[in-house]
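Structure record follows, encoded as structure tokens.
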Amino acid sequence: MLSVPLENELETELRTLAIQMGKPLAECLREAVSEYIEDRHDTLAGMAALERNETSITLDELESRFALDH
């Protein structure tokens, strides 16, 4: 188990959000950390692809190719 000190303002915002969502504080923290880790993995994968000079397209191009709506 980890113990992470938070600034008072951040802790207050997190507690308020948990109440508004009707979720336990620990669940909100787990979701936030999980999303952060996923985002960092995506960022690192994108940076690695750029370093390998892989072809990339924008989100608009992807949606256009596959007729996706968002």
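Of the helices (runs of 4 or more DSSP H) lying entirely inside the chain, those containing at least 1 residues that are among the hydrophobic types (A, V, I, L, M, F, W, C) and touching a helix residue (DSSP H, G or I) at 6+ places or on another chain (Cβ under 8 Å) span 8-21, 25-51.
Going residue by residue through the stretch 49-66, is there one that turns out to be in contact (Cβ under 8 Å) with a residue 12 or more places away in the chain and surrounded by 11 or more Cβ atoms within 10 Å (Cβ to Cβ)? There is no residue in the stretch 49-66 that is in contact (Cβ under 8 Å) with a residue 12 or more places away in the chain and surrounded by 11 or more Cβ atoms within 10 Å (Cβ to Cβ). On the stretch given as the stretch 29-70, residues that are under 30 Å from MET1 (Cβ atoms) and of a type in the set (Ser, Thr, Tyr) total 3.
For the stretch 34-56, what are the residues that are of a type in the set (Val, Ile, Thr) and modelled with pLDDT of 95 or more?
ILE37
The values are calculated or read from the model by the stated rules, or taken from the named source; none is laboratory data. Everything numeric in this text was worked out from a predicted model, so none of it was measured. Don't worry about glycine lacking a Cβ; one is built from the backbone with ideal geometry, like all the others, and counts go over all protein chains shown.
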